[in-house]
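The values are calculated or read from the model by the stated rules, or taken from the named source; none is laboratory data. Since the structure is predicted, the reported quantities are computational estimates derived from the model, not experimental observations. For neighbour counting, all protein chains shown are included, and Cβ atoms are generated from backbone atoms with ideal geometry for every residue, glycine included.
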């Protein structure tokens, strides 16, 4: 093991021991539940971090000025990662390093490359020749994720017609805010349960911070678990460490078949996935008989700028989870929806170039609906990534105010929002098996995921509507903000509609009497 690795692991061990001395937030603490709260480093941690920085600096390669200068304007236009582009431009401006003095040390970056679909082998060979070892090629999209220093990335890009674009490997945060419902008053979900619709034949996937499959609230219905969590030493900017573990919960891994988060005892933010899954499909949730696929995609960011110990998720890990779902769906598993109560950034329209889009689109083709939180930034006219992906079913949050549902102030609202659901003071389970109230579009989103599990397959395909538009059209409730009116999740008429669609009605004037009924979405069949 080289000196850099020894110092790196010493730092991680120091951090872990110190971090575990913090008490996790109480389920009764209404200010801290699920918040990513930065915790200051101890003096021991600070010393270890400085040693790691020194060791890293001594291991970095010298800047290859010529490689940077030889990039063409066409090459530069392909760099869609601001940090990498800024670094490249700074180096290119340093045309005479000897004359102008020391230049910036080479840095490492974690990015996503999109390449021409028929060029995988040549791109792989070039990456190998450049000594790039931390690289991952996705199966269902022509994208690879990579951690490499700027010299290597520049040489991989230079005059390479096989490279289409370099994208940021963005980070997502859980979309919950504070402890806080009017869930039943708004949605009337008990009417579905009383009519016998509980989601027993459906599978839903939760891409989040993981959960404890043995939690009684899930009733033994967690059928699949997996975890992807990427460590990345990109100091001085950030340091992420793996958050997967095995069944013993004592070994730290980058990938495993357990969804329990290795850092689960560090802070209450790691209970976010449990809370979300409980809303969608807990014993007291929207779809209490649905099967759960628990996918842990978060890493612990021990250093994130000036902050420490945050739970964040890389795009690249989310993409691995999405490919896992594609494999399960193609094997015949009835996955009706996947839930992503996470996100970041802002988008005023639709994000056609998001690297997750091809995987969303493929799952939609297979019949699995992406249900994504719009975000909690108080935006009007903007929502978070990946909710802005065109095939996403983007969800905002509402609450009862003066006996009427209103869009919550924190809920991002824009053209791309598709449906609203309760998102304030929602009670659900947390990692230690107890319960807590929480608010956010994170809580509204699994309401809709659970709703899809209740409805999918119950509405005859010949009605000509898919599940998303069905949920929108049958709702009798709506709310408006910033000129955009959106329907609110509402089950009050669905049981009656489903039963009516089972009757042998026909379209008036159709002499063949072979068509299914037409529902006018106002409460009757004709």
Which residues, taken from the stretch 274-297, are within 18 Å of residue 324 (Cα to Cα) and within 18 Å of the chain's Cα centre (by Cα)? 292, 293, 294, 295, 296, 297
For the stretch 379-408, what are the residues that are in a loop (DSSP other than H, G, I, E, B), over 26 Å from residue 455 (Cα atoms) and out of contact with any strand residue (DSSP E or B) (no Cβ under 9 Å at 6 or more places or on another chain)? 402, 403
Determine whether residue 292 is modelled with pLDDT of 95 or more and either buried (at least 24 other Cβ atoms within 10 Å of the Cβ) or out of contact with any helix residue (DSSP H, G or I) (no Cβ under 8 Å at 6 or more places or on another chain) (or both). yes
For the stretch 409-427, give me the residue count where each residue is assigned to a loop (DSSP other than H, G, I, E, B) and in contact with a strand residue (DSSP E or B) (Cβ under 7 Å, 6 or more places away or on another chain). 10
Just checking, which of 423, 396 is crowded, with 23+ Cβ neighbours inside 10 Å, under 21 Å from residue 187 (Cα atoms) and at pLDDT below 95? 423
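For (1) over 38 Å from the mean Cα position of the chain (by Cα); (2) in a loop (DSSP other than H, G, I, E, B); (3) loosely packed, with under 15 Cβ neighbours inside 10 Å; (4) at pLDDT 85 or above, each residue gets a yes or a no:
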| residue | (1), (2), (3), (4) |
| --- | --- |
| 491 | no, yes, no, yes |
| 497 | no, no, no, no |
| 505 | yes, yes, no, no |
| 508 | yes, yes, yes, no |
| 514 | yes, yes, yes, no |
| 521 | no, yes, no, no |
Is it true that residue 311 is under 28 Å from residue 264 (Cβ atoms), surrounded by 24 or more Cβ atoms within 10 Å (Cβ to Cβ) and modelled with pLDDT under 95? yes
Filter pass, residue 341 being modelled with pLDDT of 95 or more and either surrounded by fewer than 24 Cβ atoms within 10 Å (Cβ to Cβ) or under 24 Å from residue 142 (Cβ atoms) (or both): no
Does residue 478 satisfy being under 29 Å from residue 208 (Cβ atoms), surrounded by fewer than 16 Cβ atoms within 10 Å (Cβ to Cβ) and either at pLDDT 85 or above or in contact with a strand residue (DSSP E or B) (Cβ under 8 Å, 6 or more places away or on another chain) (or both)? yes
What are the residues in the stretch 344-359 that are outside any loop (DSSP other than H, G, I, E, B) and either at pLDDT below 95 or surrounded by fewer than 24 Cβ atoms within 10 Å (Cβ to Cβ) (or both), if any? 344, 345, 346, 347, 357, 358
Mind counting the residues in the stretch 128-149 that are within 26 Å of residue 66 (Cβ to Cβ), out of contact with any helix residue (DSSP H, G or I) (no Cβ under 6 Å at 6 or more places or on another chain) and surrounded by 16 or more Cβ atoms within 10 Å (Cβ to Cβ)? 5
Failed condition for residue 363, given (1) closer than 28 Å to residue 189 by Cα; (2) assigned to a strand (DSSP E or B): (2)
Among the residues of the stretch 141-172, how many are more than 22 Å from the chain's Cα centre (by Cα), at pLDDT below 95 and assigned to a strand (DSSP E or B)? 2
